[in-house]
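Chemist: The structure follows.
The values are calculated or read from the model by the stated rules, or taken from the named source; none is laboratory data. Bear in mind that the values here come from a model prediction, so they are computed numbers and not experimental data. Cβ placement follows ideal geometry from the backbone for every residue including glycine, while neighbour counts extend to all protein chains displayed.
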Amino acid sequence: MENLSAKKIFLIVLAILLVIIFGRFVSNLFFPEAGINLQKGALVKLQPESSLQQQFTATREGLAKVEFLLRTPGIAFEKNDRVEMQLTDGTCQRPLQQGTLEKSFLASDNLYEFDFEKISDSKDKTFCLIATFKPNKASAKAIQFFTISEAADQPLSLRPVYENQNVFQNLNELNQRISQYKPWFLKHYLLWFVTIGFVVLSIAVVALLILL
Amino acid sequence: MKKIYSLTFYKNPLFVLALILGAFFFKGVFLVTIFPIFGGQDESRHYNTVQFLAEPPIKNWERSKSTAERDKDHIETYGFSDEIRRAAVATDTDALRGDIFNTIDFSDNFTGKNENAITSKQWQPYNYNLQPEVVGGSLYHKVAAYIEKFLGQDDLLVRFYAIRIFSVFLGTLTILFFYLTAKTIGFSEKNSLLLSAIVAFQPKLAMYFSNINYDVLLIPMFFLFTLAGVLALKNGLNWKNVSLLIVSTIVAIETKPTGYLLPIAFLALLSYFIYRKVREKDKNIRYAAYFLCMLAFVFLAFYLKRYLSTGGQPLGGILASIGDYLSKSLSFGRFGLTERTYWGTLGWTNSLILDKSVELLKYLEIIALAGLGFFFFGKYEKSAYLPEKKYILFLFLMTLGLQLEIRIADWHMFNDLGRIELGAPGRYFLPNLASHIILMFTGFGALLGYFKREHWFEKILLIGLLAMFSLSFYLIFNVIVYRFYL
């Protein structure tokens, strides 16, 4: 009886771990716009309590984030400094989304992102981003955004990030991206086969060893 | 009766072993796919070595000494074959090697933007440079060159990824060798399977076996040598295990200089058997045997001296250099780097889970080490589920030997260059993963025995399996895929 309950506990732990891992995976399924490499060009300073604006055009539907490059050190979150972000229409007048700039999950000191609720009909629309620096202390130093090149008056180094309509479309797009520059036996359906084979066999091994 | 058998087939250890090997192989092939081309450790250089060895013996194309300076940010300036350099540019390899926040320029379908340029085979897999960037002649590269030649009519993507899958095959063999080792030294059938699954899910091992690199032949040879060693300790020297010892030693030496640990270990093992054979014999026979063993060690030391030449440096200078090296290399930062790169946590994301996992593993290793202390020196009855001391001592010495070898090689380069060049990254210690995992769990098992909690051992193994499984899955889906494709 005791052994049976121990097995059950291990199986429940396995299920919880899988939910955490794949939950995180599904929540990561956003697609930065292909073809935009973020550059460390000239710097634009954003002084405390001041704002800057930047327009950009989305190339596809499902705009869900915008990524920026900030010079290190970026925003010192431990001091409760924050950059308030507003996404508006192309005239920079009508607010659409609001939030704050957050450090990316990627281990880069420079990459920050502004997450918001997905805009389903974003394709070919021009948007305006307004960033306002709200430091904890009035004496805080300015934060600095990178632009796309060393030349003067260049746009900020930013990259729109998109999300598809559902998780299956996201997985299909991920499959497309992984399939690129791969031989025929590791592409598309065969990639699905390898992925499912790996996941199913691995889970089966662990579950079986718990049950034995 | 037959029906009952068919319903319980999943309890057959061979079925479970096949499942573990299958899971490792599929995981390896998935890793092969998600690591971008030339994305492994020095992978472009290793693949260039393979292509160089696969070139026709009569090189009837124009070759010249390159005058262009190599720019480490631009792979096309490297001394690689025309095909590798151009394919690396076509696949945006420089973008991936640069800032972590950039990926390649994806198309919106299953074919890369420049993929047709690669598959049309318009570039030659030949080195036009008279001084190509290659790794010294290794058996792994020679075998891979056969695959390269065999698939010579296919495009670069087919050839490159086929060789990566060959690496995964070698990794799968490695897991098999580990299972046989665990079983040989006395772990129960189920515990051997649990330990094998733990090794199969160790993240760095599978990552390494998804690349083109000579370590993927070196590592299975260390595992094979370990298996042969414990077989010899169990059954005495016979033609089977001596053959395995010789084959693994020769292949390891022919693969990478790290393999030179194996002839030393082989000789030590032989000396042990000779000692056992002659210890009760006549004094003259004993002394003659000891003298022969010492002579063999001296010959081996002279043979290996070329790897440790200090160019006539005085003893005082050598000691000062060793002191300087130790003061610079024995730091928490460097140990931390070795730990991270050994377990393969990558450090590509701001993941508290991964950072804390490595920290936790470090403490668990310390606890296991304390357990090994109890195992060797504690005055209590050894638990029946643990191997005999002779096996654990052998594995411990193998681990210690590799540690010493790598630290000596690291110091040697430090002595030559005046700076820490190798830095002992964790992947250098993977050849002894078999010994390391067995030592860790033996340590835990000894502590459980000391505290009369033997029945927890299987549960500890299951916890270890769940930990390695989740670490491996987390890294694959939430770090590697995220870094390269999202």
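Chemist: Starting from residues that are more than 9 Å from chain A (Cβ to nearest Cβ) and surrounded by fewer than 24 Cβ atoms within 10 Å (Cβ to Cβ), keep the ones in segment B:18-42 and report whichever is nearest to residue B:169 (Cα to Cα).
Modeler: B:21
Chemist: Considering only segment A:17-35, I want to know if a residue exists there that is over 25 Å from residue A:175 (Cβ atoms) and at the interface with chain B (Cβ under 9 Å from one of its Cβ atoms). First the steps, then the outcome.
Modeler: Step one: filter segment A:17-35 for residues over 25 Å from residue A:175 (Cβ atoms), giving none.
Taking every residue of segment A:17-35 in turn, none turns out to be over 25 Å from residue A:175 (Cβ atoms) and at the interface with chain B (Cβ under 9 Å from one of its Cβ atoms).
Chemist: For segment B:437-455, which positions are part of a helix (DSSP H, G or I) and more than 13 Å from residue B:378 (Cβ to Cβ)? Outline the logic, then answer.
Modeler: Looking only at segment B:437-455, we keep the residues that are part of a helix (DSSP H, G or I), and these are B:437-450, B:454-455.
Passing the criteria: B:437, B:438, B:439, B:440, B:441, B:444, B:454, B:455.
Chemist: Continuing with the same structure: Among the residues that make up segment A:112-119, is at least one of them charged (D, E, K, R), in a strand (DSSP E or B) and buried (at least 18 other Cβ atoms within 10 Å of the Cβ)? Spell out how you get there, then give the answer.
Modeler: Step one: list which residues in segment A:112-119 are charged (D, E, K, R), which gives A:113, A:115, A:117-118.
Checking the rest, the ones that are also in a strand (DSSP E or B) come to A:113, A:115, A:117-118.
Those left that are additionally buried (at least 18 other Cβ atoms within 10 Å of the Cβ): A:113.
Checking segment A:112-119: at least one residue is charged (D, E, K, R), in a strand (DSSP E or B) and buried (at least 18 other Cβ atoms within 10 Å of the Cβ).
Chemist: Under the condition of being surrounded by 18 or more Cβ atoms within 10 Å (Cβ to Cβ), farther than 25 Å from residue B:86 by Cβ and out of contact with any Pro (no Cβ under 7 Å at 6 or more places or on another chain), which residue from segment B:144-171 is nearest to the other protein chains (Cβ to nearest Cβ)?
Modeler: Among them, the one singled out is B:168.
Chemist: Further question on the same structure: Determine if segment A:144-167 includes at least one residue that is in a helix (DSSP H, G or I) and closer than 23 Å to residue B:92 by Cβ.
Modeler: no
Chemist: Which of the residues belonging to segment B:195-233 are surrounded by fewer than 24 Cβ atoms within 10 Å (Cβ to Cβ) and free of Cβ contacts under 8 Å to residues at least 60 places away in the same chain?
Modeler: B:231, B:232
Chemist: Residues being in contact with a Lys or Arg (Cβ under 8 Å, 6 or more places away or on another chain), within 29 Å of residue B:176 (Cα to Cα) and at pLDDT below 90: count how many of those fall in segment B:397-433.
Modeler: 3
Chemist: Look at segment A:99-109 and say how many of its residues are more than 7 Å from every other protein chain (Cβ to nearest Cβ) and over 15 Å from residue A:133 (Cβ atoms). Don't jump to the end; show me each part of the working.
Modeler: Step one: filter segment A:99-109 for residues more than 7 Å from every other protein chain (Cβ to nearest Cβ), giving A:99-102, A:104, A:109.
So of that shortlist, the ones also over 15 Å from residue A:133 (Cβ atoms) come out as A:104, A:109.
Looking only at that region, the number is 2.
Chemist: Can you tell which of A:17, A:106, A:43, A:11 is touching a Lys or Arg at 6+ places or on another chain (Cβ under 8 Å), closer than 30 Å to residue B:464 by Cα and not hydroxyl-bearing (Ser, Thr, Tyr)? Talk me through it step by step, then tell me what you get.
Modeler: Working: A:17 fails: touching a Lys or Arg at 6+ places or on another chain (Cβ under 8 Å); A:43 fails: closer than 30 Å to residue B:464 by Cα; A:11 fails: touching a Lys or Arg at 6+ places or on another chain (Cβ under 8 Å).
When all the criteria are applied, what remains is A:106.
Chemist: Another question, if that's okay. Show the residue pairs that are 6+ apart or on different chains and have beta-carbon atoms under 8 Å apart, the first residue being within segment B:37-66 and more than 20 Å from residue B:207 (Cβ to Cβ), the second being of a type in the set (Val, Ile, Thr) and at pLDDT 95 or above.
Modeler: If the second residue must be of a type in the set (Val, Ile, Thr) and at pLDDT 95 or above, the pairs left are B:48/B:84; B:51/B:84.
Chemist: Now for a different question. Considering only segment B:212-242, state which residues are small (Gly, Ala, Ser) and at pLDDT 95 or above. So that I can check it myself, show each step before the final result.
Modeler: Initial filter on segment B:212-242 (small (Gly, Ala, Ser)): B:228-229, B:232, B:236.
B:228, B:229, B:232, listed by residue number.
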